[in-house]
Amino acid sequence: MTVTAVDTTWVELTWAASTVNVGVVGYAVSALFEDTGRAYSTDTTSIRITDLRPSRTYTLSVAGLDAAGNRSVSNPTLRLTMPPGDTQPPSAPGQPVAYDVAATLVWLRWTPSTDNVVLDRYEVYRVDAGGQLTLVRELYQFPPSPTMTQVSGLTPNTTYTFVVRARDEAGNWSALSPPVTVTTLPPPPSCAVRTVVRQWPDGFVAYLAVENTGTAAVNGWTMTWRFWASQQVRALWGAQVVDRPNNSYLRVRNTSHNALIRPGGTVSLGIVATGTQLPEEVTLNGGVCVVADE
């Protein structure tokens, strides 16, 4: 297989004819990029392929077909990198937003970059002392995926700064996004929970007393427990609803007057809800609470 002409999005190929005792009726041509490919056919010994992308590397092959439906082996494949047709970098990603911050990990999301051709990937960097960038995540966009990622392996109670940049298929890099600075939470506290429940056929009222059994004070907290998607909160006191992760849990946070739980201290809250799933698998700032003896 020989390249006779090439541009940023098309290539012309030619090859020596196959020979066979019953006559060659055509040729099957393929162009493979990474794990996807396209097939073409021709009844001559040349072809012009017009739907390629700049800067991509394709593996090209051709096989002969005879009148009896037999197919030859492919010629030695040809690897061809298309000329770069794109010198315009993507726009800078939007400023990352940190959410679901925990002691050792944080989730980041950002507004996508735009590009005149095709984005290849995002790279997430930690900005270290002196402005040095350390790559912490790569998010490939083939196929396109949501502009969000988790950064793990962090140190509890530590401040980090992150930025994001985008790369297109031609190798052009965007400018860095504006930075986001976030402080990870302290290590999860150890805790114990006591629950008193009054139940009826399709509902209950539960009183929870959650004790800080650790040696450090908890200043600001979120608490989760098992809660089915079909259940509804009728009343809640001692806490405020945050969200319902995965539609399987209820997440609440402290009110203005009970954010601080000193070592050995207890926070009390109550809920009236529909359904039969009682509060179980209780966590406090990510720390799993043990069921205390009554």
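Which of the residues that make up the range 218-251 are free of Cβ contacts under 8 Å to residues at least 60 places away in the same chain, under 16 Å from Glu280 (Cα atoms) and either surrounded by 15 or more Cβ atoms within 10 Å (Cβ to Cβ) or of a type in the set (Asp, Glu) (or both)?
Thr224, Trp225, Phe227, Trp228, Gln231, Arg244, Tyr249, Leu250, Arg251
Kindly provide the set of residues from the range 137-161 that are aliphatic (A, V, I, L, M), open to solvent by less than 70 Å² (accessible area, probe 1.4 Å) and under 16 Å from Val97 (Cβ atoms), ordered by number.
Within the range 137-161, Leu139, Val151 meet the criteria.
For the range 111-149, what are the residues that are free of Cβ contacts under 8 Å to residues at least 24 places away in the same chain, more than 17 Å from Thr184 (Cβ to Cβ), among the hydroxyl-bearing types (Ser, Thr, Tyr) and assigned to a strand (DSSP E or B)?
Tyr140
Val101 is checked against (1) of a type in the set (A, V, I, L, M); (2) surrounded by 13 or more Cβ atoms within 10 Å (Cβ to Cβ); (3) in a strand (DSSP E or B) and fails just one. What number does that condition carry?
(3)
Among the listed residues Thr195, Thr181, identify the single one that is outside any loop (DSSP other than H, G, I, E, B), of a type in the set (S, T, N, Q) and under 30 Å from Gly94 (Cβ atoms).
Matching residue, one of Thr195, Thr181: Thr181.
For the list (1) under 30 Å from Thr184 (Cβ atoms); (2) part of a loop (DSSP other than H, G, I, E, B); (3) in contact with a Pro (Cβ under 8 Å, 6 or more places away or on another chain), I need the number of the one condition that Leu108 fails.
All conditions are met except number (2).
Among the residues of the range 259-276, which ones are open to solvent by less than 20 Å² (accessible area, probe 1.4 Å) and under 24 Å from Gln232 (Cβ atoms)?
Listed by number, the residues that qualify are Val267, Leu269, Gly270, Ile271, Ala273, Gly275.
All but one of (1) closer than 20 Å to Gln199 by Cα; (2) not in a strand (DSSP E or B) hold for Val272, so report the exception by its number.
(2)
Here is a list: Thr183, Thr134, Thr215. Which entry is open to solvent by 20 Å² or more (accessible area, probe 1.4 Å) and more than 26 Å from the chain's Cα centre (by Cα)?
Values: Thr183 fails: more than 26 Å from the chain's Cα centre (by Cα); Thr134 fails: more than 26 Å from the chain's Cα centre (by Cα).
Going through Thr183, Thr134, Thr215 in turn, just one is open to solvent by 20 Å² or more (accessible area, probe 1.4 Å) and more than 26 Å from the chain's Cα centre (by Cα): Thr215.
The values are calculated or read from the model by the stated rules, or taken from the named source; none is laboratory data. Source: prediction; values computed, not measured. Backbone-built Cβ (ideal geometry, glycine too); neighbour counts: all protein chains shown. What goes into the accessible areas is simple: the full protein's heavy atoms, side chains included, and nothing from ligands, DNA or RNA. Shrake-Rupley method; radii C 1.70, N 1.55, O 1.52, S 1.80 Å.
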